[in-house]
1. Where nothing but the Cβ of Lys and Arg (+1) and of Asp and Glu (-1) is charged, how large is the charge dipole of the chain around its Cα centre, in debye to the nearest 20?
2. Relative contact order (percent) for the chain, with alpha-carbon contacts under 8 angstrom and 6 or more residues of separation?
Amino acid sequence: MSTPIEFAMTVLKEAFKADPSYAHGWHCNLATAFYDSFNAELPVTHMTMHKIANEGASRFMKQVFDVETSEEKP
């Protein structure tokens, strides 16, 4: 028997795999949160912070939901 949290995670994982645009939307929101959280604290350029934030979002989506979001979306 699964817990409500396990069920919710499974539903999200399946939704992301079925709809890459939905997964990419989550990726973008994560990357923005990372960027906004760290940009003021680190002496790095916008482009470097953008790259770091996107790499972090891709890593999170892969580790937590086993979905690849590192590719650029049109």
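Every read-out reported here was derived from the displayed coordinates using simple, explicitly stated rules and does not represent laboratory data. Being a predicted model, the structure only gives us computed values, none of them experimental. Quick reminder, even Gly has a Cβ in these numbers, built from the backbone with ideal geometry, and neighbours come from all protein chains shown.
1. For the chain, the charge dipole is close to 40 debye.
2. 35
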